[in-house]
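Scroll down for the structure; my scribbles are underneath it.
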Amino acid sequence: MHVYTKGDGENTIVLLSGLGTAAPVLDFEPLVNELAKNHKVVVVESFRYGWSNVTNKERTVENIVEEIRTALKSNIEGPYILMPPSISGIYSMYYANAYPDEVKAVIGIDFTLPQVLEYFDESAPTMSEYMKYVFTNWNCTIGIIYHS
């Protein structure tokens, strides 16, 4: 799993991958540059995003959160301020509830909340059938598509 860091500071801000974001490090570059002036900023590119590898592990909330946590714990000191866009709001809320001592705050960027699941009477999302096909049979790395 690819983890990019920039800056130094008292706070460690962790930007996560949104659903369908091909290259989070590139997408977040202007925000990272601003935040890194006063904070340590970390961009986690989950498996199948950006420079990260593909995985055959099931894409459940639990698995994705454990992968993010393992990547962070390998060499990034917490507690973390999680900044999730999109579907990673679900992952951030799960992370914050499962590991409250590791999360200082969650700052959402147009993110999905668990209440949406209750409202629509849905279960926690996994990849849609279409996205499963796209991400299982193809891997996108910074705009370059190649068949795996």
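Of the residues Val61, Val106, the single one that is closer than 19 Å to His2 by Cα and not polar (S, T, N, Q) is Val61. In segment 91-102, is there at least one residue being touching a residue at least 60 places away in the same chain (Cβ under 8 Å), under 14 Å from the mean Cα position of the chain (by Cα) and in a helix (DSSP H, G or I)? So far as segment 91-102 goes, yes, one or more of its residues are touching a residue at least 60 places away in the same chain (Cβ under 8 Å), under 14 Å from the mean Cα position of the chain (by Cα) and in a helix (DSSP H, G or I). Among the residues making up segment 61-84, those that are surrounded by 13 or more Cβ atoms within 10 Å (Cβ to Cβ), farther than 20 Å from Gly108 by Cβ and in contact (Cβ under 8 Å) with a residue 60 or more places away in the chain are Glu67, Ala71, Ile76. Filtering Asn75, Asn56 for residues that are of a type outside the set (A, V, I, L, M) and within 17 Å of His2 (Cβ to Cβ) leaves a single hit, Asn75.
For (1) part of a loop (DSSP other than H, G, I, E, B); (2) touching a helix residue (DSSP H, G or I) at 6+ places or on another chain (Cβ under 9 Å); (3) at pLDDT 90 or above, each residue gets a yes or a no:
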| site | (1), (2), (3) |
| --- | --- |
| Glu10 | yes, no, yes |
| Ile13 | no, yes, yes |
| Ala22 | yes, no, no |
| Asn33 | no, no, yes |
| Lys37 | yes, no, yes |
| Val41 | no, yes, yes |
| Phe47 | yes, yes, no |
| Lys57 | yes, yes, no |
| Glu62 | no, yes, yes |
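Leu117: in contact with a Pro (Cβ under 8 Å, 6 or more places away or on another chain), surrounded by fewer than 18 Cβ atoms within 10 Å (Cβ to Cβ) and at pLDDT below 85, yes or no? Criteria met by Leu117.
Annotation: Ser17 fulfils all but one of (1) part of a helix (DSSP H, G or I); (2) touching a residue at least 40 places away in the same chain (Cβ under 8 Å); (3) under 22 Å from Glu102 (Cα atoms); the unmet one is (1).
The values are calculated or read from the model by the stated rules, or taken from the named source; none is laboratory data. Computed from a predicted structure; not experimentally measured. Cβ: placed from backbone, ideal geometry, glycine included. Neighbour counts: every protein chain shown.
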